[in-house]
Amino acid sequence: MSAQLAAAWTPVPGPLAQFGLRAMTVQDLDAVLAIELRAYPFPWSRGNFIDSLAAGYGAFVWHDSLGQLQGYFLAMKGVDELHLLNITVRPEYQGRGLARLMLDGLSHWARAQGAQQIWLEVRQSNARARQVYARYGFTEVGLRRAYYPAAGGQREDAIVMNLAVPQ
């Protein structure tokens, strides 16, 4: 691993610690992938995560009090916005408020980056996630046709959602 890439993957202490979050590292990827594979029928690959870390995207993990990874998110910075690429909670921890806690951390990080908006796509069929986002304040603003892979070689539409970052 190059020194430049190693620097991009070094944990960064800071304000997200108040949310129980820390920077994702390459050492987290086995645990991240174990969750990803259980949570989604079309999971991200190790390469997707490595590419995101190498690109310097915001990548954060949440561990429980025993140090076991329970959730993570990755977001890409733009000029004055963030694009939430992936947010995942370990399936058996879903419904316990961890997604909201991570969204609080994302919003805090967005403000620190000078972002005014957060954007995301979510599968049209993922009613639970859409509810979580709506309760958090995201609004549905568009549709991306055939955005996600689906069973049988089909494609599924994505709902585009947006949140104005509270300042």
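Values quoted throughout were computed directly from the atomic coordinates according to the rules given, and no laboratory measurement underlies them. Since this is a predicted model, take the numbers as computed values, not measurements. Positions of Cβ are backbone-derived with ideal geometry, glycine not excepted, and every protein chain shown enters the neighbour counts.
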task = Figure the gain on full extension for Glu140 and Arg155 (residue separation times 0.36 nm, minus the Cα-Cα span) and round it to one decimal in nm.
result = 3.4 nm
request  = Mind listing the long-range amide H neighbours of Ser125? Cut-off is under 5 Å, sequence gap 5 or more, other chains count too, H placed in the peptide plane at 1.01 Å from N.
outcome  = none
query = Modelled label-to-label distance, Asp104 and Ala164, 7 Å Cα→beta-carbon offset: nm?
reply = 2.3 nm
task = Take the alpha carbon gyration tensor of the stretch 15-114, find the square roots of its eigenvalues, order them as a ≥ b ≥ c, and report rounded if a/c is under 1.5; if not, report prolate when a/b exceeds b/c, else oblate.
result = oblate
note = The ³J(HN,Hα) series, computed from each phi in the stretch 69-80 with the Karplus coefficients 6.51, -1.76 and 1.60 at θ = phi - 60°, rounded to the nearest Hz and given as x for glycine or proline, is 5, 10, x, 7, 8, 9, 9, 9, 7, x, 4, 9
ask   = Ranked highest first by average number of other Cβ atoms within 10 Å, how do 53-61, 146-154 line up?
value = 53-61, 146-154
request  = Identify, among Ala54, Gln94, Leu33, the residue whose Cα sits farthest towards the positive end of the charge dipole of the stretch 22-116, taking +1 on the Cβ of Lys and Arg and -1 on the Cβ of Asp and Glu, with the dipole about the Cα centre.
outcome  = Gln94
ask   = Can you give me the relative contact order of the stretch 3-164 as a percent, contacts being Cα pairs under 8 Å and 6 or more apart?
value = 17 percent
task = Mean Kyte-Doolittle of at least -0.5 plus a Cα span of 20 Å or more along the axis: flag which DSSP H helices in the chain meet both, please.
result = 98-112
key: Computed helical MRE - 222 nm, the chain, DSSP H runs ≥ 4 contributing -39500 (n - 2.57), nearest 500   = -9000 deg cm²/dmol
